[in-house]
Amino acid sequence: MVENGLSSLESLPVLIGLLAALVVLLVVGSNLREGRRLRRLTDRVRARVEPQDGSTRDREDGLARGNLWQEPVVGPLDELERDQTSDEPSRQQAPASWSMSARPTGHDRLHADLSALNEWVVVFDTAGLDRVSHELILAQFPDWHRCGQKSVRFGLQGEHLAVGLLLATRQGSLSLSEYNQFVDRLAQGLAECPGVNAPAFLGGLDDFSAAHARSRERLRVLESLDGQLVFHLLSTGPMSSQNTSSFLLALGLTERGEGRFSRLDEQGEVLFSVLPGDQGFGLSYLLDLPRVANPEAVFSEMVELAQACAEGLSGQLVDDGRRALTPALFQGFASQVASRSQALRQAGFIPGSWLNRRIFF
């Protein structure tokens, strides 16, 4: 009897090892079967959700456009709520094209769309600056793109060189520190220009109170129109991160680290993103509306891709309250997107513009 007991004890680790190996084989086999299923499904849906020419700019949006801006726009997807975080770090990048004044400068730092609404614009047209070449002035400000969190850029106002300081962003209004940095940098650069009376020029500038008042007004408008639209995939079972990643890559998304994937346009700008879900959601879909040039078409594409994910990953599309999203609800959201896009344009925030990507970062 003692020998039989010892024999049983010796064979117990072997049995445990065999059981563990069997469990591993079952898990691996299940993942392989799921992977094959997703690859087959990807082949069926890829052509439907992936842009044929790599661009969404020229697609027919086919979305109902709202005729009036209604406040508030209650988005059941996320109440289109304002978020202080950025989907994409701001990149100092010149616009693809612009029209130049008849007076060429040979310098690629000039922008043709300085905004009197959204920037504190200073024109170099007095105190001798009207007799100084644009090249000489620009040479005093190499690599000057920012004061604090506010972008700085140069452009032309008629035949005169001008510089613009952003008045407000998602992060807040223009601060005294940022304004002082701007004036101090102007003073430093203009002091190096021969024939320029820098103190006289700077003495003619409005003080911070005027800039701050304009900045606060633009911030109020910005906050009333800002919108990041979010909805989710609620999975009916466990989701393999490897299979999910392969599926999203196969649908043409670009992996951007930490489980985040994005659809990019031809310039590499984010159109929309797919993020790891939290609070029990499998995935979350994010459209940062003011940063996208054609929000209506991009929203339509994001919904198509999300529906393909719901089919391929065995889940259900829901809002923050876990309410199932139907085609009728999505059509209503498309109308909200169109209305918000129209309101942004009317207020001088052109969706997807270079300036908007600096304001809504």
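The values are calculated or read from the model by the stated rules, or taken from the named source; none is laboratory data. Computed from a predicted model, the values in this text were never measured in an experiment. Cβ sites come from the backbone with ideal geometry, for glycine too, and all protein chains shown count toward neighbours.
Considering the conditions (1) in contact with a helix residue (DSSP H, G or I) (Cβ under 7 Å, 6 or more places away or on another chain); (2) in a strand (DSSP E or B), VAL337 is excluded by exactly one of them, (2). Can you find even one residue in segment 153-174 that is closer than 11 Å to TRP120 by Cα and assigned to a loop (DSSP other than H, G, I, E, B)? Scanning segment 153-174 turns up at least one residue that is closer than 11 Å to TRP120 by Cα and assigned to a loop (DSSP other than H, G, I, E, B).
Restricting attention to segment 277-333, the residues that are within 16 Å of PHE261 (Cα to Cα), charged (D, E, K, R) and outside any loop (DSSP other than H, G, I, E, B) add up to 3. Restricting GLY172, GLY164, GLY158 to those that are surrounded by fewer than 19 Cβ atoms within 10 Å (Cβ to Cβ), closer than 21 Å to SER353 by Cα, of a type in the set (Gly, Ala, Ser) and assigned by TED's automatic domain parsing to the domain that holds SER215 reduces the list to GLY172. Taking segment 264-291 as the range and being touching a Lys or Arg at 6+ places or on another chain (Cβ under 8 Å) and among the hydroxyl-bearing types (Ser, Thr, Tyr) as the test, only SER273 passes.
Summed over segment 111-125, the residues that are touching a Gly at 6+ places or on another chain (Cβ under 8 Å) and outside any loop (DSSP other than H, G, I, E, B) give a count of 5.
Do we have any residue at all in segment 213-225 that's within 30 Å of SER115 (Cα to Cα), over 27 Å from the mean Cα position of the chain (by Cα) and assigned by TED's automatic domain parsing to the domain that holds LEU117? Break it down into steps so the answer makes sense when it comes.
To start, the set of residues in segment 213-225 that are within 30 Å of SER115 (Cα to Cα) comprises 213-225.
Okay, now just the ones that are also over 27 Å from the mean Cα position of the chain (by Cα), so 213.
Of the ones still in play, those that are also assigned by TED's automatic domain parsing to the domain that holds LEU117 are 213.
Looking for residues that are within 30 Å of SER115 (Cα to Cα), over 27 Å from the mean Cα position of the chain (by Cα) and assigned by TED's automatic domain parsing to the domain that holds LEU117, one finds at least one in segment 213-225, hence yes.
Looking at HIS232, HIS212, can you tell me which residue is within 30 Å of GLN316 (Cβ to Cβ) and either touching a residue at least 40 places away in the same chain (Cβ under 8 Å) or in a helix (DSSP H, G or I) (or both)? Going through HIS232, HIS212 in turn, just one is within 30 Å of GLN316 (Cβ to Cβ) and either touching a residue at least 40 places away in the same chain (Cβ under 8 Å) or in a helix (DSSP H, G or I) (or both): HIS232.
The rows are residues; the columns are (1) surrounded by fewer than 22 Cβ atoms within 10 Å (Cβ to Cβ); (2) of a type in the set (D, E, K, R); (3) modelled with pLDDT under 90; (4) assigned to a helix (DSSP H, G or I).
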residue: LEU222; (1), (2), (3), (4): no, no, no, yes
residue: PRO238; (1), (2), (3), (4): yes, no, yes, no
residue: GLN242; (1), (2), (3), (4): yes, no, yes, yes
residue: SER246; (1), (2), (3), (4): yes, no, no, yes
residue: LEU249; (1), (2), (3), (4): yes, no, no, yes
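Does ARG291 satisfy the criteria of being buried (at least 21 other Cβ atoms within 10 Å of the Cβ) and either touching a residue at least 60 places away in the same chain (Cβ under 8 Å) or among the basic types (Lys, Arg) (or both)?
Values: buried (at least 21 other Cβ atoms within 10 Å of the Cβ): yes; either touching a residue at least 60 places away in the same chain (Cβ under 8 Å) or among the basic types (Lys, Arg) (or both): yes.
Judged against the criteria, ARG291 is a match.
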